[in-house]
Amino acid sequence: MSGGGAMFRKVTGVRTGYHPEEVDDFFSHARTVYEQGPAGALSSKDVRTVAFDLVRHGYSTTAVDAALDRLEAAFVARARADYIAEHGRQAWLEHLAEQARTLYGRLTRPDGERFAPPKGRQPGYLASDVDALCRRLVDYFDSNATLTAQEVRSAVFARKKGAGAYAEAPVDAFLERAVDVLLAAE
């Protein structure tokens, strides 16, 4: 970023933060893509999954992560507007409903049976914690209960081994898809 000013505040002391040049380069690229296109050159998933090295005197991870959340929401809103402009609002609503339906089969499984257990002695997420969030997703889809993408994104599950645990990777992938649906609906 030109002008010599840092995009985010830096951490002090011995703490680590995100590598400033990596963050600056990513946000500069994202701004260019958002403002000038081409559409699809950077997706909300690209924003969600970007990773930066940790270094001393780096940018505050909290500040950068909050900015990434806002950037992801902006790309989702842009994709929604582009889709509606090309296909119409009704088509968008149908598209969104279809995305939600892809989640629903797993959501309606009984507690303790929504995901596979971790393999061997690997730790996983406490099934009852994950099931509680899944019930909130069902309430969101069935009853318009309040639930935001940020709540799903920031959910924390206790760790557990063996019975009563879910493997982490399938849960994470499923919740990532749920975040996509919620962001598209917000």
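The values are calculated or read from the model by the stated rules, or taken from the named source; none is laboratory data. Source: prediction; values computed, not measured. Note: ideal-geometry Cβ built from the backbone for every residue, glycine included; neighbour counts use all protein chains shown.
Could you list, in sequence order, the residues of region 66-96 that are among the acidic types (Asp, Glu) and surrounded by 15 or more Cβ atoms within 10 Å (Cβ to Cβ)?
Within region 66-96, Asp69, Glu72 meet the criteria.
Does Leu133 satisfy being free of Cβ contacts under 8 Å to residues at least 40 places away in the same chain, under 26 Å from Asp69 (Cβ atoms), among the aliphatic types (A, V, I, L, M) and crowded, with 17+ Cβ neighbours inside 10 Å?
Here the answer is no, as Leu133 does not meet what is asked.
Considering only region 138-164, state which residues are more than 15 Å from the chain's Cα centre (by Cα), at pLDDT below 95 and crowded, with 17+ Cβ neighbours inside 10 Å.
Passing the criteria: Tyr140, Phe141, Lys160.
Restricting to region 100-133, name every residue that is among the hydrophobic types (A, V, I, L, M, F, W, C), part of a helix (DSSP H, G or I) and either in contact with a Cys (Cβ under 6 Å, 6 or more places away or on another chain) or farther than 19 Å from Ala184 by Cβ (or both).
Across region 100-133, the qualifying residues are Leu107, Ala127, Val130, Ala132.
Scan region 117-130 for residues that are exposed (fewer than 12 other Cβ atoms within 10 Å of the Cβ) and of a type in the set (Asp, Glu) and report the count.
0
So is Leu103 within 18 Å of Phe157 (Cα to Cα), buried (at least 17 other Cβ atoms within 10 Å of the Cβ) and either among the hydroxyl-bearing types (Ser, Thr, Tyr) or not assigned by TED's automatic domain parsing to the domain that holds Ala77 (or both) or not?
It is false that Leu103 is within 18 Å of Phe157 (Cα to Cα), buried (at least 17 other Cβ atoms within 10 Å of the Cβ) and either among the hydroxyl-bearing types (Ser, Thr, Tyr) or not assigned by TED's automatic domain parsing to the domain that holds Ala77 (or both).
Considering each residue of region 89-99, count those that are among the small types (Gly, Ala, Ser) and either in contact (Cβ under 8 Å) with a residue 40 or more places away in the chain or not in a helix (DSSP H, G or I) (or both), and give that number.
0
Which ones in region 160-178 are in a helix (DSSP H, G or I), charged (D, E, K, R) and more than 16 Å from Ala100 (Cα to Cα)?
Residues satisfying the conditions are Glu168, Asp172.
Given the structure, is Arg177 assigned by TED's automatic domain parsing to the domain that holds Ala41 and within 13 Å of the chain's Cα centre (by Cα)?
In short, no.
In the set Leu93, Leu147, which member is under 15 Å from Leu175 (Cα atoms) and not small (Gly, Ala, Ser)?
Leu147
Do we find that Val181 is under 15 Å from Thr102 (Cβ atoms), assigned to a helix (DSSP H, G or I) and touching a helix residue (DSSP H, G or I) at 6+ places or on another chain (Cβ under 6 Å) in this structure?
It is true that Val181 is under 15 Å from Thr102 (Cβ atoms), assigned to a helix (DSSP H, G or I) and touching a helix residue (DSSP H, G or I) at 6+ places or on another chain (Cβ under 6 Å).
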